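Each reported figure results from applying straightforward, stated rules to the coordinates on display, with no laboratory input. The shown structure was predicted, so the numbers you read here are calculated from the model rather than taken from an experiment. When we count neighbours, we look across all protein chains shown, and the Cβ atoms used for this are built from the backbone with ideal geometry, even at glycine.
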Amino acid sequence: MGKEAMERTVVRCAEGHLFSTATFPLQNLGPERIGPGRLIRCPLCARLRSSVPADLGTLTDDQIRLALRREAVEFLA
Ligand SMILES: [Zn+2]
């Protein structure tokens, strides 16, 4: 795993898609959160999905590389 993986959080949406975000707001979990995840606009679903940080240990290098290329741009905090 390279440095790149440490600068972004790889997340998995409720549909199982992998993508990444630079600012997964782990420190700001509020009452609006759903379950253990955050609502993030999944680039593959093209809609807000409850997403959780992915366990990088369970992913292949290819999966991580692909996820790092797909970056979520919007949050609903
Ligand atoms: Zn998705």
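So the values come out like this:
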read-out: Amide H partners (placed H, <5 Å) of Leu59, local residues excluded; value: none
read-out: For Val11, Val73, Val52, order by how many other beta-carbon atoms lie within 10 Å, fewest first; value: Val73, Val52, Val11
